[in-house]
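The values are calculated or read from the model by the stated rules, or taken from the named source; none is laboratory data. Small disclaimer: the values here were computed from a predicted structure and weren't measured. Cβ placement follows ideal geometry from the backbone for every residue including glycine, while neighbour counts extend to all protein chains displayed. Surface areas here come from the heavy atoms of the whole protein model, side chains and all, with no ligands, DNA or RNA. Shrake-Rupley method; radii C 1.70, N 1.55, O 1.52, S 1.80 Å.
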Amino acid sequence: MDTEHLKVFVEVVQLGSFAAAARKFEIDPSVVTRAITALEKDLGLRLLERTTRQLLLTSAGKVYHESACKLLQDMQQAADEARDLADTPAGVVRVTTSVTYGYTVVLPMLPALREAYPALEIDLLLSDEIVDILAEGVDVALRLRQDSDTSLVGTRLARIRYHVCASPEYVNQHGRPRTPAELAAHDCVRCSLRGYRTQWKFRAAAGTVEAVNIGGWLVCSNSLALHRAALDGVGPALLADWLAGADLADGRLIDLFPDHEVTPTDFDNAVWLLYTSRAYVPKRVRAFVEFMKQRIRGAVSVSTSI
């Protein structure tokens, strides 16, 4: 039995096409076809039914796929357990997070991770879509919202606080709104995500909550773009502390409502670290998780003291 053929078979089923599996493994589609053909020949069974529109498992294929997945998982665990006999965590840790959080927070921390664990290799998948951890073989996800998937272990790392930010140039030219309601007279830079585009919520020190409808000519799908637009004086933007904290401290941005808590959704915003629930968590994953817990929590405690 060729385990490489097994891996190809499992990915073909997972991704739903030979071409997608070829792209993932960075091989020619003909190699995928030969791998599946060789596997079926060895077994003397047809595993897949192929049409021009879809790919379906046969009855034998369903049984074989389930067993193949378990076998590959067991082999990976055996390799992890053997590797973990070494004193230093080693191997690849596949990590996913959003584009902006990865660029702003995670990437700057990686040199220190490399110094602490030189035998680790980080495979960083940056995406603003919610990545399927199991399907993509992800070890750790850093997300800016809690996940409802009960198969994942979730750790709340740090609270996120949002600020309505504008550049000094914008404030000098257009004036500073005295109340949240006065934002209706300003061209705000808005996020295109559902629930973020048309309304911001403000909570005063007394606990009263005010929902303010916002408008503006620029809508962006990425927080890096919102940040850039705010710095360039396009208009007020709602930015997280981990993204705008340094600019607020240095005066490149102004917090228009420092006495209010602000949110586009609810007030319980946080950074979450997620990984799959399994009997054995490899040392390489444990090392990355503990490093990020310490670094992100430490970074937040520093930023909130500014």
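Summary table
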item: Answer from Glu136, Glu81 - the residue that is open to solvent by less than 70 Å² (accessible area, probe 1.4 Å) and either modelled with pLDDT under 95 or more than 22 Å from Glu11 (Cα to Cα) (or both); result: Glu136
item: Residue match in the stretch 183-198 (condition: touching a residue at least 12 places away in the same chain (Cβ under 8 Å), part of a helix (DSSP H, G or I) and buried (at least 20 other Cβ atoms within 10 Å of the Cβ)); result: yes
item: Scope the stretch 252-262; condition under 17 Å from Arg176 (Cα atoms) and open to solvent by 20 Å² or more (accessible area, probe 1.4 Å); matching residues; result: Arg252, Ile254, Asp255, Pro258, Asp259, His260
item: Top-ranked residue of the stretch 263-273 - restricted to ones that are out of contact with any Ser or Thr (no Cβ under 8 Å at 6 or more places or on another chain) and of a type outside the set (S, T, N, Q), ranked as most open to solvent (accessible area, probe 1.4 Å); result: Asp268
item: Matching residues, the stretch 48-92, being touching a residue at least 60 places away in the same chain (Cβ under 8 Å), of a type outside the set (A, V, I, L, M, F, W, C) and touching a strand residue (DSSP E or B) at 6+ places or on another chain (Cβ under 8 Å); result: Asp80, Arg83, Pro89, Gly91
item: Filtered residues of the stretch 162-179 (kept if surrounded by 18 or more Cβ atoms within 10 Å (Cβ to Cβ) and either within 31 Å of the chain's Cα centre (by Cα) or in a loop (DSSP other than H, G, I, E, B) (or both)); result: Tyr162, His163, Val164, Cys165, Ala166, Ser167, Pro177
item: Selection within the stretch 117-129 - closer than 29 Å to Ala78 by Cα, in a loop (DSSP other than H, G, I, E, B) and open to solvent by 70 Å² or more (accessible area, probe 1.4 Å); result: Pro118
item: All positions within the stretch 204-248 that are among the hydrophobic types (A, V, I, L, M, F, W, C) and within 20 Å of Leu107 (Cβ to Cβ); result: Leu224, Ala225, Leu226, Leu231, Leu239, Ala240, Trp242, Leu243, Ala244, Ala246
item: Near pairs, Cβ below 7 angstrom, 6+ apart or cross-chain, from the stretch 13-27 (β-branched (Val, Ile, Thr)) to any residue that is surrounded by 15 or more Cβ atoms within 10 Å (Cβ to Cβ) and assigned to a helix (DSSP H, G or I); result: Val13/His65
item: Exclusive hit being part of a helix (DSSP H, G or I), open to solvent by 20 Å² or more (accessible area, probe 1.4 Å) and out of contact with any Cys (no Cβ under 9 Å at 6 or more places or on another chain), set Arg114, Arg156; result: Arg114
